[in-house]
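Worksheet: one structure, shown below.
The values are calculated or read from the model by the stated rules, or taken from the named source; none is laboratory data. All of these numbers come straight from a predicted model, not from anything done at the bench. Counting neighbours? That spans all protein chains shown, and the Cβs are built from the backbone with ideal geometry, glycine included.
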Amino acid sequence: MNYKEINYKNYGRCLEINNGVIELIVTLDVGPRVIKFAFCGKENLFFEDVDRVFSSEKDEVKEVYGKDAKWYLYGGHRLWVGPEYGYTYYPDNIPIEYSVDANKFTFIQGLQTPFNLQGKTVLTIGEGAEVRVDMFLENKSDKTYEIAPWAITVMKAGGWEVFPMNTNDTGWLSNRTLMLWPYTNLNDDRISFGKEFVLLKQDKEKKTPLKVGMDNNNGWSAYINDGVTFLKKFEYDQNAAYTDNGCNFETYTSEYMTEIESLGKLVKLVPGETASHYEEWKLFDTVPEKCDCPDEMGKRILEIIK
């Protein structure tokens, strides 16, 4: 396992991690963000907002964090706080702390004042192309918050996303939740639904965003781009509450990128306690042959990731 501090593009100090198979770069001067994830020597699969196109200067952000507060997307993978509220847009534009223990890399964010929440991300690097991502939100305030860890991975433009729908037999009862955002149009040709899978195509020419959410009890989504398949696995508890009316999985796409989002359990986090959530990532150096049938694409993805 090799790692070193580098200066990466306009992100300032970053930690570069390399196990001989995969490479990750994590920002240290802001965030943190896992800003790069790729096979060694290959193209980054994550979106990098080097032009700082995405930022937020909403009035509610300024009311909480000050008149000059500005939140930046930056790109890559981030730990956020759900449901979407003022504390979600904490302007994480200051340096972070990190530590290394063998193949485990811990990144600790600054205290998110005035809410006094603190995020921590732990990357455990495997010997191959796999990474475990553990995320924690600690309540260091004297208040109780009803929140959930929100893990958002921003993928580079040009790819296709495939994810499963629930197929458990519930008889006469419904077996899945599908949530839509105000700007989402189900006639949008970027998204298509099969019986078992959903296919979402990122389109650089489509300026209107699209977002859907669901209870994904299979706990995975895949993104194919640049000859590589990225698999993101996450937990699901059928007895737990989740944000956005029961969504543990959401995905968003725009002309710039696609976000693959998983959410931890919605909990009442009392002072001194920590909420946790984890994901497992893996890269495959092959992609399925593309077709427009969601269920067929799902089957082809399964042949790769099984």
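Within segment 62-84, how many residues turn out to be farther than 27 Å from Asp134 by Cα and in contact with a helix residue (DSSP H, G or I) (Cβ under 6 Å, 6 or more places away or on another chain)?
Residues that pass the stated criteria total 2.
Restricting to segment 16-26, name every residue that is in contact (Cβ under 8 Å) with a residue 60 or more places away in the chain and buried (at least 21 other Cβ atoms within 10 Å of the Cβ).
Ile17, Ile22, Leu24, Val26
Between a residue in segment 277-306 that is over 21 Å from Thr153 (Cα atoms) and touching a residue at least 12 places away in the same chain (Cβ under 8 Å) and any residue that is part of a loop (DSSP other than H, G, I, E, B) and charged (D, E, K, R), which pairs come within a Cβ distance under 7 Å, given they are 6 or more apart or on different chains?
Asp295/Lys195; Asp295/Glu196; Arg300/Glu289
Specify the residue that is nearest to Lys156 (Cα to Cα); the eligible residues are those in segment 167-207 that are acidic (Asp, Glu) and surrounded by fewer than 12 Cβ atoms within 10 Å (Cβ to Cβ).
For segment 167-207, the residue satisfying everything is Glu205.
Which residue, of Leu231, Leu269, Leu210, Leu263, is closer than 26 Å to Lys42 by Cα and surrounded by 17 or more Cβ atoms within 10 Å (Cβ to Cβ)?
Leu231
Condition (residue is of a type in the set (S, T, N, Q), modelled with pLDDT of 95 or more, closer than 14 Å to Glu161 by Cβ and touching a helix residue (DSSP H, G or I) at 6+ places or on another chain (Cβ under 7 Å)) applied to segment 229-244: is it met by at least one residue?
Yes: segment 229-244 contains one or more residues that are of a type in the set (S, T, N, Q), modelled with pLDDT of 95 or more, closer than 14 Å to Glu161 by Cβ and touching a helix residue (DSSP H, G or I) at 6+ places or on another chain (Cβ under 7 Å).
Can you give me the number of residues within segment 74-108 that are of a type outside the set (D, E, K, R) and within 17 Å of the chain's Cα centre (by Cα)?
The total comes to 13.
Give the residue that is nearest to Asn216 (Cα to Cα), with candidates limited to residues of segment 164-180 that are of a type in the set (A, V, I, L, M) and in a loop (DSSP other than H, G, I, E, B).
Selected residue: Met165.
Does at least one position in segment 154-168 carry a residue that is on the phi < 0 side of the Ramachandran plot and without any contact (Cβ under 8 Å) to a residue 12 or more places away in the chain? Show your work before the answer.
Our first condition is that a residue be on the phi < 0 side of the Ramachandran plot; within segment 154-168, this holds for 154-157, 159-168.
Now restrict to residues that are without any contact (Cβ under 8 Å) to a residue 12 or more places away in the chain: none.
So far as segment 154-168 goes, no, none of its residues is on the phi < 0 side of the Ramachandran plot and without any contact (Cβ under 8 Å) to a residue 12 or more places away in the chain.
Output yes when any residue across segment 66-88 is touching a Pro at 6+ places or on another chain (Cβ under 7 Å), of a type outside the set (Ser, Thr, Tyr), crowded, with 19+ Cβ neighbours inside 10 Å and farther than 17 Å from Ser262 by Cβ, and no when none is.
For segment 66-88, residues touching a Pro at 6+ places or on another chain (Cβ under 7 Å), of a type outside the set (Ser, Thr, Tyr), crowded, with 19+ Cβ neighbours inside 10 Å and farther than 17 Å from Ser262 by Cβ: absent.
Considering only strands (runs of 3 or more DSSP E) fully contained in segment 209-306, which possess at least 3 residues that are within 21 Å of Leu186 (Cβ to Cβ)?
Fully inside segment 209-306 and qualifying: 210-214, 249-253, 257-263.
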